[in-house]
Ligand SMILES: *[C@@H]1O[C@H](CO)[C@@H](O)[C@H](O)[C@H]1NC(C)=O
């Protein structure tokens with residue numbers, strides 16, 4: 001677990017010194033005028049940009065696109081103001097039009113291309129031998145200058161070199177769709193990304209021309225040729241590709257109901273039942289849950305409790321449904337989980353010991369039945385951190401690391417969280433009986449670092465959510481990658497009613 005401290009406020013107030021790395025970029029096409037983004041700290045709206053003005057139409061199709069950084073772990077509010085000279089209607093009972101917002105991940109940020117070239121009958125340059133040719137690629141800039149973007153190795157003493165295949169990010173290559181052959185100087189040619197992307201064919205054999213020679217000699221044809229041998233585009237898939245392709249995120253919440261949290265009637269209890277304020281558990285649940293629910297496919301959350309004595313017989317349970325219905329432990333939204341949590345507090349007796357492994361195994365059983373990438377499971381455990389079954393928990397985590405599953409542990413209260421830090425596995429990859437976890441699936445967050453000294457207020461909900469969720473996309477991708485699971489193609493884009501898709505044959 002890599003606890004990189006991500007600390008960028010938001011799109012609006014970008015601070016280059018504390019900039020975090022966005023998960024990807026998205027492109028937003030809007031059918032109207034001014035786009036605002038909201039600062040994370042002060043919630044202030046700032047203008048991000050505006051489209052051009054289009055006259056005389058009620059269906060403006062703006063050309064201007066806005067490119068925003070996308071962060072998985074943040075809710076990024078954006079606001080659109082639609083400006084029209086003409087009243088959009090205002091007739092009671094009449095619709096005033098629709099806006100269509102399209103957000104699309106930008107491809108070119110994550111494409112690379114693998115290319116290989118060879119040369120044929122190049123000019124002889126060295127007096128005693130042949131030539132030592134290499135290729136230099138220049139990207140043309142918008143201002144007409146050129147920037148070197150790749151240089152191949154030198155192939156010694158040949159007029160028919162085969163250069164090694166190389167990989168280059170598309171954005172480095174095709175900012176200006178241009179490459180050139182240069183040197184001490186055999187000749188040059190130009191091409192574009194589009195031409196290259198046709199792959200090996202008659203179109204990708206280039207005559208290498210030396211303009212000086214061409215000017216001097218009438219019979220000059222060329223200084224040899226360069227042939228593209230292969231062209232392979234490699235797209236780095238992202239978390240969003242899977243979500244768009246239909247992978248469902250299943251969040252399960254598990255809450256620690258052990259006696260070490262303090263009796264719910266006591267104000268010092270982390271489970272204090274007060275009509276006036278949220279207790280620590282409720283605060284943590286609300287803060288993290290509100291971000292999580294945006295990513296859960298159906299916003300129905302199975303919610304479990306552990307470490308309590310249940311009515312009617314006082315049996316101790318380490319995996320009980322908060323809503324009292326083991327057949328259907330789902331709660332509707334985070335509000336539903338909060339409600340079920342308060343109901344449980346009233347009916348169960350906090351007890352012990354603090355066993356994590358039953359809830360981990362509970363979710364792992366479901367995760368084990370899905371291995372096609374159609375679902376990914378996230379278990380959120382909220383606990384005071386006094387764990388009793390460390391050995392079993394490690395064993396459960398090592399097992400779960402092979403499954404489509406991540407675990408987020410939010411530690412509440414003042415305890416020493418050494419055991420939680422160990423489970424997080426930041427320093428040492430977690431192991432059990434000599435077996436190491438295949439990948440890192442646990443993220444631990446000490447809640448006290450995010451609340452003020454009175455303990456009643458989260459200093460920054462956004463920062464908490466960020467630190468809790470920042471690693472989920474990578475953990476998710478590490479599973480998909482090692483299992484060789486590719487995202488399914490996204491369903492076709494939404495077509496507004498009344499504008500049927502045209503098909504041309
Ligand atoms: C989500 O996971 C829980 C286990 O924590 C399970 O009860 C539930 O059936 C799962 N939901 C789906 C849609 O698979």
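The values are calculated or read from the model by the stated rules, or taken from the named source; none is laboratory data. Small disclaimer: the values here were computed from a predicted structure and weren't measured. All Cβ positions, even for glycine, are placed from backbone atoms using ideal geometry, and neighbour counts span all protein chains on display.
So here's what we get for this one:
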| item | result |
| --- | --- |
| Qualifying residue in segment 332-355 (condition: crowded, with 16+ Cβ neighbours inside 10 Å and within 12 Å of the ligand (Cβ to nearest atom)) | no |
| Residue, surrounded by the fewest Cβ atoms within 10 Å (Cβ to Cβ), within segment 289-316, restricted to residues that are away from the ligand (no atom under 16 Å from the Cβ) and within 20 Å of the chain's Cα centre (by Cα) | 294 |
| Residue match in segment 403-415 (condition: at pLDDT 95 or above and in a loop (DSSP other than H, G, I, E, B)) | yes |
| Evaluation of residue 269 against (1) more than 16 Å from the ligand (Cβ to nearest atom); (2) within 34 Å of the chain's Cα centre (by Cα) (one fails), failing number | (2) |
| Extreme residue, modelled with the lowest pLDDT, among residues of segment 183-205 that are outside any loop (DSSP other than H, G, I, E, B) and touching a helix residue (DSSP H, G or I) at 6+ places or on another chain (Cβ under 7 Å) | 193 |
| Failed item, numbered, when residue 222 is tested on (1) more than 21 Å from residue 333 (Cα to Cα); (2) out of contact with any strand residue (DSSP E or B) (no Cβ under 7 Å at 6 or more places or on another chain); (3) in a loop (DSSP other than H, G, I, E, B) | (2) |
| Residue 350 vs. criteria assigned to a strand (DSSP E or B), under 17 Å from residue 306 (Cα atoms), in contact (Cβ under 8 Å) with a residue 60 or more places away in the chain and over 26 Å from the mean Cα position of the chain (by Cα) | yes |
